[in-house]
Amino acid sequence: MEHTQAEVLDTDVLVVGLGPVGASLANLLARYGVRVVAIDAAGEIFPKPRAIALDNEALRILQLVGLADGEFATVGIPQVLYRSPVFGLFARMDTGAVLDGHPSLVTFYQPELEAVLRRRLQQAPGIVVRLGTVLEAFNDDGTGVTATARAADGSRLTVRARFLVGADGASSLVRRTLGLDFRGASFAQDWLIVDARDVPRPIDHVEFLCDPRRPSPHMVAPGGRQRWEFMLRPGETREAMERPDSVRRLLAPWCDARQVQIERTAVYRFHAREAAAFSRGRCFLVGDAAHVTPPFAGQGLVAGLRDVANLGWKLAWVLGGRAQASILDSYDRERRPHARKIINLARFLGALVMPSNRAVAFLLHGTIRLARMLPRGRALFDGMKIKPQNTFDEGLFRRGRARRLGAGAQFPQAWVRRGGPPVLSDDVLGPHWALVGVSIDPAEALPAPLLQRWEAMGGRAWQWCHRAQAQHLGAESRRLEAIDDSLHARVPSGWVVLVRPDRCIFAEGPREQAADLVEQALRDIQGDAPAPACAAAADPRSAWA
């Protein structure tokens, strides 16, 4: 018998889809004190691995979301190798460096990450989670969004939200309802994924066997896991290739499949697509709902987490009355061009991994091998300069004549100390805008009324002291002592940097420009309306309060 009981919920943000991207956004909004209703069509977490790679940017965002180091298992990847049947090792990427406090590249186990994120949501105030609940329809009336959903038992749910975010995957109902085209292409080839445990002689890195007869990526993962991906040849079917005898034949060069635990086999097809826009009205798209990236760059989930960091604080500031709603327009302007760059990188690497024939393979792999004989070519591949920097071409920032770090780029994270043991600087900067003075107290460069307006908008001032600095010290509550030279090596003393809550640099300049930079930031964020006086204090529901 169908249930007709209806539940009505009022909230700030409705998140549709509770995979790793949707769950990360819900957690971040909870840390900002935003009320969230999150729904997902599935009743439980998919129990097998899918996404497998995260980079330093993704790990930094998960730190911002609230996850502690070691809260889910990762395996650091020291290098990525590209092998050709003709040239042997023809390219490599050095991924063993630590950037912004995190490894350049790790593999992880997606079900474990999702479980950690959902456990945190259960503990967060103001968060309502409804699993096994399918979105049916929604309407944006200009003042809010009203959505209807149905649970597995037939009961109905109506949600009235100020904003809606679609994190509902590549087949997103939210995107289709908004009428946004999903532009791009699908690769013609199907691929078989094989995840196995307890493999003898496991590798400790990632390697791509770029044989046009059967390209085969291979990588290590947590929990004693190894993953292989095999491109299917013409005439090979999903059903035939997932059979145990086919899997055993494919794994024979590495191990006897009868002696290992096969955790998952699945056939899938790669896509390279982006939505025509990442937002419309009061509705937004994140993750695969907005863009789908081929796996060759390991950036699919990473791109979705970049969406989370960019959109989360903007929603929180608008909902809290500290920013004008027009700042939300910058989400699409900032994220969509960079997502496209990452898709293009993945397509280029895909051409290296799966050349269409031996002649193409010889030309591509030979060219890359020759390029790496030159310092610039080695820097491009070995030094990972081929990866687009997370720097925006346009958006909510101001580029001046004087440049050191670059407005629109990411502010570096460093190890700092505040009287106790060293901590990562993002944990100190917290959920705020930051006015950072290099070796100086930037608050002293602001008139008292301007400093009050800055703090009311959600800003803080910090003196980034060099190691053992003893002179020209500001208030102790505003001082950070740098333990490394991540910042001092790049900018001179007396430099000031305005940093957004997502750690994007809004503006920078010498101390003499500090007041003008803050005034510009306030105008861009708030327009002509000042922030409410009460906004200086963190929302009491915030995990940073």
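Points to keep in mind about this one:
- The chain: antiparallel DSSP beta bridges as a percent of all, rounded to 5: 70 percent
- Low-density loop positions, trypsin sites (Lys or Arg not before Pro), the range 444-507 - DSSP coil, at most 11 other Cβ in 10 Å: R467
- Each Lys and Arg adds +1 at its Cβ and each Asp and Glu adds -1 at its Cβ; summed about the Cα centre, the range 1-153 shows a dipole of about 540 debye.
- Helix 358-371 vs. the chain, principal-axis angle (Cα, 0 to 90°, nearest 10): 40 degrees
- Top positive-direction residue, dipole computed over the chain with Cβ charges, set L380, H488, V129: L380
- GluC sites (Glu not before Pro), loop per DSSP, at most 12 other Cβ atoms within 10 Å - longest free stretch of the chain: 45-393
- Positive-pole candidate from V436, P447, P422, dipole of the range 408-519, charges at beta carbon: P422
- Straight-line reach from K341: taking Cα to Cα under 24 Å and skipping same-chain neighbours fewer than 8 places apart, the lysines in range are K314, K385, K387.
- Theoretical gain in end-to-end length, N357 to D69 [0.36 nm per residue, Cα-Cα removed]: 99.3 nm
- On Cα atoms only, tilt of 20-31 relative to the major axis of the chain in degrees: 20 degrees
- Positive dipole terminus of the range 195-281, leading residue within T265, W254, G235 (C-beta point charges): G235
- Surface accessible to a 1.4 Å probe, per residue, for the residues of the chain, Å²: 42 Å²
- Taking only the Cα atoms of the range 405-475, the ratio Rg/Rh comes out at 0.96, with Rh defined as the Kirkwood radius.
- Nonpolar atom fraction for the chain, defined as the carbon and sulfur part of the 1.4 Å probe accessible area, stands at 51 percent.
- Of every Cα-Cα pair in the chain, the percent that sits beyond 48 Å: 13 percent
- For the range 293-340, dividing the convex hull volume of the Cα atoms by the residue count gives 54 Å³ per residue.
- Rounded to the nearest 0.05, the FRET efficiency derived from the C-beta distance between L9 and A97 at R0 = 51 Å is 0.65.
The values are calculated or read from the model by the stated rules, or taken from the named source; none is laboratory data. Here the structure is a predicted model, which means the values were calculated and not measured. Cβ coordinates were reconstructed from backbone atoms using ideal geometry, including for glycine residues, and neighbour counts include every protein chain displayed. The protein model used for the area step is the full one, side chains on, heavy atoms only, and it has no ligands, DNA or RNA in it. Shrake-Rupley method; radii C 1.70, N 1.55, O 1.52, S 1.80 Å.
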